[in-house]
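Heads up: the structure comes next, in structure tokens.
All of the numbers you see were taken from the coordinates with simple rules; none came from a lab. These figures come from a predicted structure and were not determined experimentally. Neighbour counts run over all protein chains shown; Cβ positions are idealised from the backbone, glycine included.
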Amino acid sequence: MKTGKIVLRNLGRDNPVFAQILGICSTLAVTNVLKNTAVMCLGLIFTLALSNVTVSAMRRLIPGRVRMMVEVLVIASYVIVVDIALRAFVPDIARQLGPYVGLIITNCIVMGRAEAFALTNPPGAALADGVSSGVGYSYVLLVIAFFRELLGSGTIWGVRVLGDGWVNWSIMVTAPGAFFMLAVFIWIVKGVWLDSAPADAGKAGAR
């Protein structure tokens with residue numbers, strides 16, 4: 001599969017969040033503050049891209065019976081690097097994220113791409129898949145975090161943007177608010193964007 005098709009697929013029709021409904025735990029955990037969400041997304045892109053490349057490079061050496069254990073070990077190694085870097089360079093954000101950085105290890109997007117793509121494709125394609133899957137995951141979470149922080153706290157990136165007359169929507173900083181925003185996002189994307197694609201694809205195939 002060509003790199004361009006891999007990237008477009010993961011950013012659009014096969015997006016891991018709104019198409020495959022993966023990584024929902026992150027939506028609940030970190031999207032109430034935009035800054036924390038951005039840091040978490042960067043950590044996941046780093047982990048996803050490099051774990052994909054590593055698993056792909058080792059794919060012919062990994063025995064089938066222990067492949068998932070090897071994948072978890074590879075992913076955990078990169079997550080440890082992310083955790084150490086956050087504690088060293090942005091300790092305040094690291095404390096706010098708490099255990100959620102470590103939970104990247106169990107993020108079904110990371111394991112899913114290693115298992116479904118990296119094990120059967122060369123490193124270059126695996127890198128493109130990892131980066132695009134991570135970016136596809138990230139832009140969904142960043143959009144959700146933007147509106148959750150804005151409506152729930154009246155701020156963007158910690159800076160007050162709504163006036164003193166604004167009444168914060170307390171539900172937006174709780175788990176139900178995350179579910180609500182994710183549902184609205186999926187409804188908009190699937191109802192407005194993706195629903196028109198199959199007809200176009202069918203017409204193209206018929207030519």
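Quick check: net charge around K5, other residues with Cβ under 14 Å of its Cβ, Lys/Arg +1 and Asp/Glu -1? Could you put the intermediate results ahead of the total?
On the way: positive: K2, R9, R13; negative: D14, D129.
Around K5, the charge tally is +1.
With θ set to phi - 60° and the Karplus curve 6.51 cos²θ - 1.76 cosθ + 1.60, what are the ³J(HN,Hα) couplings of the stretch 125-134 in order, to the nearest whole Hz, using x for Gly and Pro?
With coefficients 6.51, -1.76 and 1.60, one gets 5, 5, 5, 4, 5, x, 5, 5, 5, x Hz.
With springs connecting C-alpha atoms under 10 Å apart, model the chain as a Gaussian network and identify which of V184, V39, V143 has the largest mean-square fluctuation.
V184
Per-residue ellipticity at 222 nm for the chain, helices alone: DSSP H runs ≥ 4 residues times -39500 (n - 2.57), over residue total, nearest 500 deg cm²/dmol? Walk me through the numbers on the way to the answer.
On the way: 9 runs with 134 residues, N = 207.
It comes out at -21000 deg cm²/dmol, rounded to the nearest 500.
Under the classification rounded if a/c is under 1.5, otherwise prolate if a/b is larger than b/c and oblate if not, where does the stretch 1-69 fall, given a ≥ b ≥ c as square roots of the Cα gyration tensor eigenvalues?
Prolate shape, in that a/c is at least 1.5 and a/b is the bigger ratio.
Got a sec to turn the phi values of the stretch 51-58 into Karplus ³J(HN,Hα) couplings, 6.51 cos²θ - 1.76 cosθ + 1.60 with θ = phi - 60°, whole Hz, x for Gly and Pro?
5, 4, 4, 5, 5, 5, 5, 9
How many angstrom lie between the Cα centre of the stretch 113-142 and the Cα centre of the stretch 66-95?
When both Cα centres are located, 17 Å separates them.
Taking amide H atoms as placed 1.01 Å from N in the peptide plane, list the residues 5 or more away in sequence, or in a different chain, whose amide H sits under 5 Å from that of I156.
Here the answer is V161, since their amide H atoms fall under 5 Å of that of I156.
Amide H neighbours of V17 under 5 Å, counting only residues 5+ apart in sequence or on other chains, H built in-plane at 1.01 Å?
Hits under the 5 Å cutoff: L22.
What number of lysine-lysine pairs in the chain show an alpha-carbon separation below 26 angstrom, given a sequence spacing of 8 or more or placement on distinct chains?
For the chain, qualifying lysine pairs total 5.
Report the semi-axes of the equivalent ellipsoid for the chain in whole Å, largest first, where each axis is √(5λ) for an eigenvalue λ of the Cα gyration tensor. Let's see the in-between values first.
Details: eigenvalues 189, 123, 30 Å².
Calculated on Cα positions only, the semi-axes equal 31, 25, 12 Å.
Lys/Arg Cβ at +1, Asp/Glu Cβ at -1, dipole of the stretch 3-195 taken about the Cα centre: which of V135, T174, P63 is farthest positive-ward?
The residue sitting farthest along the positive end of the dipole is P63.
Determine the dipole magnitude for the stretch 3-195: charges of +1 sit on the beta-carbon of Lys and Arg, -1 on that of Asp and Glu, nothing else is charged, the reference point is the Cα centre, and the result goes in debye to the nearest 20.
400
Convert each backbone phi in the stretch 107-114 into a coupling constant with the Karplus relation 6.51 cos²θ - 1.76 cosθ + 1.60 (shift: θ = phi - 60°), then list the ³J(HN,Hα) values in order as whole Hz, x for Gly and Pro.
Along the stretch 107-114, the couplings run 5, 5, 5, 5, 5, x, 6, 5 Hz.
Which one of N107, V39, W187 is farthest out on the positive end of the charge dipole of the stretch 3-195, using unit charges on Cβ (Lys, Arg +1; Asp, Glu -1) and the Cα centre as origin?
It is N107.
If you build a Gaussian network model of the chain, linking Cα atoms that sit under 10 Å apart, which residue out of I45, I21, I105 swings the most?
For the chain, modelled as a Gaussian network with Cα springs under 10 Å, the answer is I21.
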